[in-house]
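The values are calculated or read from the model by the stated rules, or taken from the named source; none is laboratory data. On a predicted model such as this, the values are computed, not experimentally measured, just so you know. Neighbour counts are summed over all protein chains in view; Cβ atoms, including those assigned to glycine, are modelled from backbone coordinates with ideal geometry.
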Amino acid sequence: MSEYNEKQFSSVLVISPHPYDADLWASGTIAKLIATGSSVHYAICSDGSKTSADPYQGENLKSVRMQEQQMSANYLSIESITFFELIDGELEDDDTFRKLIVKEIRRQKPDLVITSEPYRKRLSWHRDHRITGQVALDSVYPYARDHLHYQDLWENEQLEPHNTGAIWFWGSEHPNIYIDIESTFPLKIKSVSEHKSQLNTTDYDVLERQLKTRSEQVKPGSIYLEAFREVTFRV
């Protein structure tokens, strides 16, 4: 077990399978990174158009969830949001998806990528979450790094290859970094509360208790905590 040592990251790219995922799993950490000077950018992979208990949400759900994500990001002072608008539930480990992520990495040049854990054995995990984590990992290394992968990105769009130093995976069964988010917990609640289409309560106090319970599940006795599995790369 290791505690985060306040390492400075100039640029951070958060790759979220759906609207809401990054805010639920990592917004306390994201707010803390921003407070220490990091520029944080979001890439939202799917359009969120299928995740609702209401069968009549239909075409409205996509626009609702994009609006919710934008409002949530405003609380956190996210530098930019890119919506890939791929279909919810249909993300694939393919060239189309990988190129979108590689392009975003080369645009934002992150020192750190934060995304969803691709490997879990004991707990159920949404297919889009697994695939996003795997494609993000492959995009960081080797695809975003090497000129001869997606050569058109640097020849036609002047997006040079980029070496990212680390990935933090949320939702891991084997975290090795724990972030104390007590100072940014109020921002996490506000951020998560904007995703009303995904919540079973609009009561602030109930939501606060639910988020604290999530922290205790990561590390018993800790109510202000987010955890990640860090993978580092030579840069």
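Tell me which residues, restricted to the stretch 140-157, are more than 13 Å from R107 (Cα to Cα) and in a helix (DSSP H, G or I). Before you say what the answer is, go through the steps one by one.
Our first condition is that a residue be more than 13 Å from R107 (Cα to Cα); within the stretch 140-157, this holds for 141-143, 146-152, 155-156.
Scanning the stretch 140-157 gives Y141, P142, Y143, Q151, D152, E155.
Considering only residues that are touching a residue at least 24 places away in the same chain (Cβ under 8 Å) and charged (D, E, K, R), look in the stretch 122-139 and name the one that is farthest from R107 (Cα to Cα).
Taking the stretch 122-139 as the starting set, the residues that turn out to be touching a residue at least 24 places away in the same chain (Cβ under 8 Å) are 122-123, 125-129, 131-139.
Filter once more, so that each one left must be charged (D, E, K, R): 122, 127-128, 138.
Numbers: R122: 36, R127: 27, D128: 23, D138: 17 Å.
Here the answer is R122.
I'd like the residue in the stretch 60-72 that is surrounded by fewer than 18 Cβ atoms within 10 Å (Cβ to Cβ) and not hydrophobic (A, V, I, L, M, F, W, C) and, out of all such residues, is modelled with the lowest pLDDT. Among those that are surrounded by fewer than 18 Cβ atoms within 10 Å (Cβ to Cβ) and not hydrophobic (A, V, I, L, M, F, W, C), it is N60. Identify all residues within the stretch 162-174 that are in contact (Cβ under 8 Å) with a residue 60 or more places away in the chain and either within 21 Å of P19 (Cα to Cα) or crowded, with 19+ Cβ neighbours inside 10 Å (or both); write none if there are none. If the condition is that a residue be in contact (Cβ under 8 Å) with a residue 60 or more places away in the chain and either within 21 Å of P19 (Cα to Cα) or crowded, with 19+ Cβ neighbours inside 10 Å (or both), then T164, A166, I167, W168, F169, W170, G171 are the ones that fit. Does the stretch 1-59 hold any residues that are on the phi > 0 side of the Ramachandran plot and either at pLDDT 95 or above or small (G, A, S) (or both), and which are they? Matches in the stretch 1-59: Y20, G37, G48, G58.
Tell me, please, whether a residue that is within 28 Å of N60 (Cα to Cα), part of a helix (DSSP H, G or I) and not basic (K, R) can be found in the stretch 179-190. Yes, the stretch 179-190 contains a residue that is within 28 Å of N60 (Cα to Cα), part of a helix (DSSP H, G or I) and not basic (K, R). Considering the stretch 218-235, the residues that are over 25 Å from G48 (Cα atoms) and in contact with a helix residue (DSSP H, G or I) (Cβ under 7 Å, 6 or more places away or on another chain) include one that is surrounded by the fewest Cβ atoms within 10 Å (Cβ to Cβ), namely F233. Looking only at residues in the stretch 158-178 that are under 16 Å from the mean Cα position of the chain (by Cα) and in a loop (DSSP other than H, G, I, E, B), which one is farthest from R120 (Cα to Cα)? Among those residues, the one meeting the criterion is T164.
Every test in (1) part of a loop (DSSP other than H, G, I, E, B); (2) of a type outside the set (S, T, N, Q); (3) in contact (Cβ under 8 Å) with a residue 12 or more places away in the chain; (4) surrounded by fewer than 22 Cβ atoms within 10 Å (Cβ to Cβ) is passed by K7 save one, and that test is (3). Of all the criteria given as (1) in a helix (DSSP H, G or I); (2) in contact (Cβ under 8 Å) with a residue 60 or more places away in the chain; (3) surrounded by 14 or more Cβ atoms within 10 Å (Cβ to Cβ), the one not satisfied by S215 is (2).
Could you grab me the full set of residues in the stretch 143-172 that are within 12 Å of E230 (Cα to Cα) and of a type outside the set (A, V, I, L, M)? Outline the logic, then answer.
Going through the stretch 143-172, the residues within 12 Å of E230 (Cα to Cα) turn out to be 165-172.
Of everything in the stretch 143-172, those that are within 12 Å of E230 (Cα to Cα) and of a type outside the set (A, V, I, L, M) turn out to be G165, W168, F169, W170, G171, S172.
Hey, can you tell me all the residues within the stretch 95-129 that are under 15 Å from P17 (Cα atoms), of a type in the set (D, E, K, R) and part of a loop (DSSP other than H, G, I, E, B)? The answer is E117, and nothing else.
Every condition in (1) surrounded by 19 or more Cβ atoms within 10 Å (Cβ to Cβ); (2) under 13 Å from A43 (Cα atoms); (3) more than 16 Å from the chain's Cα centre (by Cα) holds for R107 except the one numbered (1). Within the stretch 189-208, does at least one residue satisfy the condition of being modelled with pLDDT of 95 or more, touching a strand residue (DSSP E or B) at 6+ places or on another chain (Cβ under 6 Å), crowded, with 21+ Cβ neighbours inside 10 Å and of a type outside the set (A, V, I, L, M, F, W, C)? No, there is no match, as no residue in the stretch 189-208 is modelled with pLDDT of 95 or more, touching a strand residue (DSSP E or B) at 6+ places or on another chain (Cβ under 6 Å), crowded, with 21+ Cβ neighbours inside 10 Å and of a type outside the set (A, V, I, L, M, F, W, C).
Annotation: E92 fulfils all but one of (1) crowded, with 16+ Cβ neighbours inside 10 Å; (2) at pLDDT 95 or above; (3) in a loop (DSSP other than H, G, I, E, B); the unmet one is (1).
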